[in-house]
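The values are calculated or read from the model by the stated rules, or taken from the named source; none is laboratory data. Computed from a prediction, not measured in an experiment: that's the story for all the values here. Ideal geometry is used to build each Cβ from the backbone, glycine not excepted, and the neighbour counts take in all protein chains shown. What goes into the accessible areas is simple: the full protein's heavy atoms, side chains included, and nothing from ligands, DNA or RNA. Shrake-Rupley method; radii C 1.70, N 1.55, O 1.52, S 1.80 Å.
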Amino acid sequence: MRKIFVLTVAALCYFCTYSQEAEASGNVPTLIFSPRFEVNPYIQTGGGGYSGVDFGTSSLYTLFEGSIGEHFSYSMSNHWLSTDTKPLYQNAFRSDDVDFIDWLTLSYSLGNFTFTLGKDMLAIGGYELDPMDVDQHPTLCSTFWHNCAIYQWGGKVEYTTNDESSSIAFQFGTSPFGERPFKSKLFTYSLIWYGDFGCFAPIWSANLIEFEPGTFVKIASLGNGFYFGDFGAEIDLMYKHLNYGWRDGYGKESNHEFSAIGKFGYTLKDKVELFVKGGYEHRTGLDIFGYEDEFGFIPTDSSSNSYFFYGGGVNYYPLRNNKDLRLHAVIAANTHAKSLALSIGATYHFNLTEVIRKNK
């Protein structure tokens, strides 16, 4: 805890000093503190089902971003606290797990092109991966969302059309199957397309994720957003394939995974968001992104080839003229845990930059 306090104080001191310098140049950075607190009781619905209560994804995040001059920009998201904080620092600079740095990027923009270096989300796309982790509802997320170490080190080049209706990007990064960035010599190659055509917004991608030297998990992802006034639908389709051989040289196996996820929502006067979400994941062969762990509500090492999850909830924004404070209530179920998960909590995005500006 002392380490967290020291890091936070250092960040605040740096921000105050840096913001004064940046304000003189017109490039004031934004610093947002995002605490989240929730309680998750689990109600058993079948024999051997999961039960109990925990604090879900209660956590503390920060977002620090801004620009330097006309062409450079930076962004850093940190995950400082969670219900199990110690691994965030033990896993520092690993490729196969999360740590206290979600992303840390420096970008250079010139005309229609943007070049980015640093730690970034893999460009796999899909709408389930789109929200910031602190805003997500994990009991209603796929096993892929839970198990894949999605933030990796590397670089990206992106081209955006003049009307900003489309952008296409190529990304090179480290692989979540490696232990250490670059040192493991396992890499990821991604090509992604973002579109915005009014009522239809696609996020489509093709990916090669190195599983072993020269052996790749091939992923095709089709994220599709449909928006009609206050109604919205987001449908993600993903296919994963891997041909692999045992390290001892005996035989080869093949893996196929398919998932379909749908989320449907309605927004009432920008204050209330009602939504339902469900998904189906099917696997044959090796559980690529799974890992051994204790039994919980979400499967970490799938014991079944078919897995369903479903539920719904409400997000409520009580503050006037902004969505900085969100209250949520979510109910979720799946075919693994034989239980219902209730999630009740709050997330607050405290924008320190705006507070400083208002108090001057």
- prompt: Can we say R357 is within 30 Å of V217 (Cβ to Cβ), outside any loop (DSSP other than H, G, I, E, B) and at pLDDT below 90?
  reply: no
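Identify all residues within the stretch 144-159 that are open to solvent by 30 Å² or more (accessible area, probe 1.4 Å) and touching a residue at least 60 places away in the same chain (Cβ under 8 Å); write none if there are none.
The one that is open to solvent by 30 Å² or more (accessible area, probe 1.4 Å) and touching a residue at least 60 places away in the same chain (Cβ under 8 Å): H146.
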- prompt: Looking at the stretch 189-211, which of its residues are over 22 Å from S259 (Cα atoms) and out of contact with any Phe, Trp or Tyr (no Cβ under 7 Å at 6 or more places or on another chain)?
  reply: D196, F197, G198
task: Scan the stretch 75-84 for residues that are assigned to a loop (DSSP other than H, G, I, E, B) and either open to solvent by 40 Å² or more (accessible area, probe 1.4 Å) or at pLDDT below 95 (or both) and jot them down.
output: T83, D84
message: Can you find a residue that is within 20 Å of the chain's Cα centre (by Cα), of a type in the set (S, T, Y) and open to solvent by 50 Å² or more (accessible area, probe 1.4 Å) anywhere in the stretch 334-344?
response: no
- line: Scanning the stretch 34-58 for residues that are among the hydroxyl-bearing types (S, T, Y), over 27 Å from F350 (Cβ atoms) and either part of a strand (DSSP E or B) or open to solvent by less than 40 Å² (accessible area, probe 1.4 Å) (or both) gives Y42
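Table: residues versus (1) modelled with pLDDT under 95; (2) farther than 25 Å from L237 by Cβ; (3) not aromatic (F, W, Y).
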| site | (1), (2), (3) |
| --- | --- |
| G173 | no, no, yes |
| K183 | yes, yes, yes |
| Y189 | no, no, no |
| C199 | no, no, yes |
| P202 | no, no, yes |
| N207 | no, no, yes |
| E212 | yes, yes, yes |
task: Working carefully through the options F309, F295, find the one that is in a loop (DSSP other than H, G, I, E, B), touching a residue at least 40 places away in the same chain (Cβ under 8 Å) and closer than 20 Å to S51 by Cβ.
output: F295
query: Does D102 count as at pLDDT 95 or above, of a type in the set (D, E, K, R), open to solvent by less than 40 Å² (accessible area, probe 1.4 Å) and out of contact with any Pro (no Cβ under 6 Å at 6 or more places or on another chain)?
result: yes
query: Of the numbered conditions (1) hydrophobic (A, V, I, L, M, F, W, C); (2) surrounded by fewer than 16 Cβ atoms within 10 Å (Cβ to Cβ); (3) under 22 Å from P181 (Cα atoms), M132 satisfies every one except a single condition; which is it?
result: (3)
field: Selected residue [touching a helix residue (DSSP H, G or I) at 6+ places or on another chain (Cβ under 6 Å) and surrounded by 15 or more Cβ atoms within 10 Å (Cβ to Cβ)] from L31, L88
entry: L31
- line: Of the conditions (1) open to solvent by 60 Å² or more (accessible area, probe 1.4 Å); (2) of a type outside the set (A, V, I, L, M, F, W, C); (3) closer than 23 Å to Y266 by Cα, the single one that E354 does not satisfy is (3)
field: Wholly enclosed strands (runs of 3 or more DSSP E) of the stretch 203-286 bearing at least 2 residues open to solvent by 60 Å² or more (accessible area, probe 1.4 Å) and more than 22 Å from E128 (Cβ to Cβ)
entry: 252-268
